[in-house]
1. Answer with a single label: of [x] 1.01; [y] 1.11; [z] 1.18, which was calculated as Cα Rg over 2.2 N^0.38 Å from the structure in view?
2. Hey, got the dipole for region 68-173? About the Cα centre, +1 on K and R Cβ, -1 on D and E Cβ, debye to the nearest 20?
3. Using a probe radius of 1.4 Å on heavy atoms only, what accessible surface per residue do you get for the chain? Whole Å² is fine.
4. May I ask for the angle, rounded to the nearest 10°, between helix 178-195 and the longest principal axis of the chain, with both axes built from Cα atoms and the value confined to 0 to 90°?
5. With unit charges on the beta carbons (Lys and Arg positive, Asp and Glu negative) and the dipole taken about the Cα centre of the chain, which residue among 50, 69, 174 sits farthest to the positive side?
6. Tell me, in nm to one decimal, what length is gained between residue 182 and residue 205 on full extension, where the rule is 0.36 nm per residue of separation less the Cα-Cα distance?
7. Going 7 Å from the Cα of residue 2 along its beta-carbon direction, which residues of region 183-207 have the amide nitrogen within less than 19 Å of the resulting point?
8. Within the accessible area of region 145-224, what % is carbon and sulfur when the probe is 1.4 Å and the other protein chains stay in place?
Amino acid sequence: MSKPIVQLRALKRSFEQGGQVIDVLRGVDLDIMPGEIVALLGPSGSGKSTMLQAVGLLEGGFEGSIAIAGEAAEKLASDQRTRLRREHLGFVYQFHHLLPDFNATENVVMPQMVAGVDEAAAKERAESLLTSLGLGHRLTHRPSQLSGGEQQRVAVARALANQPTLVLADEPTGNLDEATSDIVLGQFLDLVRGEGSAALVATHNERLASRMDRVVRLHDGVLA
């Protein structure tokens, strides 16, 4: 039997605001299996982004344990956490965060070259991913020349560029209209499944969450 790609145990995160301590995560337990797409459902302000930051090893201050691909991340030094992110994780945010001076292909090539992939191979991979997302005719267009939906598809391709074990997506279609959101999410799910990656997708949209393999709900700092 395969082991979880993500294991969270008793994960807690608190912030101090105006002299008061606010408990955002109160003891989250979660397993995600290889290839599983999990929707993290909850209203705005429920702590979804905080939880994704924890799983993505993007900031400290957390209590509890986080294991990615069997490695206990809370025990790793900063450079080892960076290695774990590079080897196993891909990220899609609500806003695309593309590099404005580079075209679609170059935006997907860049993370591969940072990971040590040969430029020619990185370009071939980038063009293949973008074409699979319906952007074969937009490969040389810069972000300013792309629609919102097209920009987010480039961001999806970038997240999958290094074949991550797990993709973390924070409201990935939150800035798009409903029709475009449906199209982009469908392409995202198809690509993630085709690549064999797992995914944790934060959303407040019940309808979108229902298209994923499993739904977990964040309420009062714990999962229901």
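1. Answer by label: [x].
2. Working: 11 positive and 13 negative charges, 9 e Å.
For region 68-173, the charge dipole is close to 40 debye.
3. Details: 10750 Å² over 224 residues.
Per residue, the chain has 48 Å² of solvent-accessible surface.
4. 90
5. Value computed over the given set: 69.
6. Working: separation 23, 0.36 × 23 = 8.28 nm, distance 1.13 nm.
Difference between extended and current length: 7.2 nm.
7. 188-201
8. Numbers: 1420 of 3150 Å².
Of all accessible area on region 145-224, carbon and sulfur atoms account for 45 percent.
The values are calculated or read from the model by the stated rules, or taken from the named source; none is laboratory data. Values in this document were obtained by computation on a predicted structure and should not be read as measured data. Cβ coordinates were reconstructed from backbone atoms using ideal geometry, including for glycine residues, and neighbour counts include every protein chain displayed. Surface accessibility is based on the protein's heavy atoms, side chains included, excluding ligands, DNA and RNA. Shrake-Rupley method; radii C 1.70, N 1.55, O 1.52, S 1.80 Å.
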